[in-house]
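See structure below.
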Amino acid sequence: MNISRRYFIKSSGIAMLGMASLPSFLQRAVAATASPNKKKVVVLFQRGAMDGLNVVVPFAEPNYYALRPTIAIPQPRRGGVDAAIDLDGFFGLHPSLDPLQPLFRNGQLAIVHAVGSPDPTRSHFDAQDYMESGTPGLKATDDGWLNRALQSEPEENPSPFRAVAFGPYLPRTLQGTAPAVAIPDLKQFKMNGGSQQSAEGGFEAMYAQTVDQAMHGVGQETFDAISQLKKINPDSYQPENGANYPTSRFGKSLMEIAELFKSDLGLEVAFLDSGGWDNHVNEGGVQGQLSNLLKDLGQGIAAFHQDMGDRMEDVIFVSMSEFGRTAHENGNRGTDHGHANCMFVMGGGIKGGKVYSRWPGMSDGELYQGRDLAVTTDYRSVLSEIISKHLGDKDIKTVFPGFANDPKQYLGLVKA
């Protein structure tokens, strides 16, 4: 599928890369726009379709091991380090996500399993487009769900940093009339009006290259951000509380999100993505490609939580991926495009320490189309609960048009 360019043409498409000093009166003006106690959201999109069954392992599901003879994660065992980390007697974390275990035990991390989009597509491009637009199966939507959430809560004098994507392009999720900017790197500050370069290869590069290369609309919000950015020095930033971020692009983006939050520039919504999750060949089990990605993921999320400290009381971090992987491993010791997946939700505003799941089972008669974990929780229900309870936006119908939102169906993972 050729992903539509209609929303990329509307995008600022401008990379903001560095720092400029300002007169003190401008610095005070920018500081005045900040609302340190406002509720904030960080959204992670894992592009390529993460294998949720090997990330949050249903080790008490017998058919899990029958379907994955070479890549399954072993059941938890006393003293075992190369096995699933028992969370509740049924689900376990992949051992490479061990840094997240304390957050789960302390009630700061929740997991939603068997969650996803109701649309059956197995196309990366279609699935991402639907998930980021918030209208599964409908290609005519011009803006993203996260932008609409901002539109429904307008501010008279919004900070130019109210919504920031940490990457080389403005993602589908933040396309729309509400101002949003893209920041690939805080250490260099310049306007890049030419072609965008993705930091990822393969599928992720193809996604980024769909940005229209002929002309990039330059949003006023980008110029405002450039002119109002108070002087901060990324080179001198020191994570707090002993936090140790991974050196990857993912880790760097998380650190810069923490830095902007602490700078009180009015950042409310941050978006970042990570790639490499499309593991058709040699996915691995305890060790391998997936394990390496999860080490980066777990270390990065844990470092962000540690660095933010008490500020996490006002922040919710949520992850998603376009779809899951097949329940049965393929002949190349990998997995193919599936259906349901899992989401991580972290922060002081959530009821953590629990895997929320209306578990569908993995027997032959329970698998979706006979091959995938079935979706029993619509991802829009999870996001709706975060938007309504955490951000205070009650107009969910405008955020997710066409979605039969029912608060009675919420999982109860966000504190009222």
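Each residue in region 296-320 was checked for being touching a strand residue (DSSP E or B) at 6+ places or on another chain (Cβ under 7 Å) and open to solvent by 10 Å² or more (accessible area, probe 1.4 Å), and 2 of them qualify.
If I filter region 69-115 down to residues being among the basic types (Lys, Arg) and in a loop (DSSP other than H, G, I, E, B), which single residue comes out as nearest to residue 49 (Cα to Cα)?
77
Hey, does region 354-369 have a residue that's under 30 Å from residue 258 (Cα atoms), touching a residue at least 24 places away in the same chain (Cβ under 8 Å) and surrounded by fewer than 17 Cβ atoms within 10 Å (Cβ to Cβ)? For region 354-369, residues under 30 Å from residue 258 (Cα atoms), touching a residue at least 24 places away in the same chain (Cβ under 8 Å) and surrounded by fewer than 17 Cβ atoms within 10 Å (Cβ to Cβ): absent. Number of residues in region 327-353 that are crowded, with 23+ Cβ neighbours inside 10 Å, part of a strand (DSSP E or B) and not hydrophobic (A, V, I, L, M, F, W, C) equals 2. Restricting the search to region 284-295, which residues are surrounded by fewer than 22 Cβ atoms within 10 Å (Cβ to Cβ) and either within 14 Å of the chain's Cα centre (by Cα) or of a type outside the set (Gly, Ala, Ser) (or both)? Of everything in region 284-295, those that are surrounded by fewer than 22 Cβ atoms within 10 Å (Cβ to Cβ) and either within 14 Å of the chain's Cα centre (by Cα) or of a type outside the set (Gly, Ala, Ser) (or both) turn out to be 286, 287, 289, 292, 295. Does any residue in region 89-110 that is without any contact (Cβ under 8 Å) to a residue 24 or more places away in the chain come within less than 7 Å, Cβ to Cβ, of a residue that is surrounded by fewer than 23 Cβ atoms within 10 Å (Cβ to Cβ) six or more places away or on a different chain, and which pairs are these? Partner pairs satisfying both residue conditions: 101/85. Taken as a whole, the structure leaves residue 77 outside the set of residues that are within 25 Å of residue 244 (Cα to Cα), surrounded by fewer than 16 Cβ atoms within 10 Å (Cβ to Cβ) and basic (Lys, Arg).
For region 43-65, a tally of residues being modelled with pLDDT of 95 or more and either touching a helix residue (DSSP H, G or I) at 6+ places or on another chain (Cβ under 6 Å) or not in a strand (DSSP E or B) (or both) returns 16. Of all residues in region 128-166, those satisfying the criterion of being assigned to a loop (DSSP other than H, G, I, E, B) and within 17 Å of the chain's Cα centre (by Cα) are 134, 144, 166. Screening residue 312 against (1) under 18 Å from the mean Cα position of the chain (by Cα); (2) in a helix (DSSP H, G or I); (3) under 18 Å from residue 98 (Cα atoms); (4) not β-branched (Val, Ile, Thr) leaves a single unmet condition, (3). If you go through region 51-85 and pick out every residue that is more than 25 Å from the chain's Cα centre (by Cα) and of a type in the set (Asp, Glu), you end up with 2. Confirm whether residue 117 is open to solvent by less than 30 Å² (accessible area, probe 1.4 Å) and either modelled with pLDDT of 95 or more or over 28 Å from residue 307 (Cα atoms) (or both). Yes, satisfied. For region 394-416, residues that are surrounded by fewer than 20 Cβ atoms within 10 Å (Cβ to Cβ), touching a residue at least 40 places away in the same chain (Cβ under 8 Å) and of a type outside the set (A, V, I, L, M) total 7.
Would you say residue 375 is closer than 15 Å to residue 53 by Cα, β-branched (Val, Ile, Thr) and part of a loop (DSSP other than H, G, I, E, B)? Yes: the conditions hold for residue 375.
The values are calculated or read from the model by the stated rules, or taken from the named source; none is laboratory data. Computed from a predicted structure; not experimentally measured. Ideal geometry is used to build each Cβ from the backbone, glycine not excepted, and the neighbour counts take in all protein chains shown. Note: accessible area is taken over every heavy atom of the protein model, side chains too, but ligands, DNA and RNA are not part of it. Shrake-Rupley method; radii C 1.70, N 1.55, O 1.52, S 1.80 Å.
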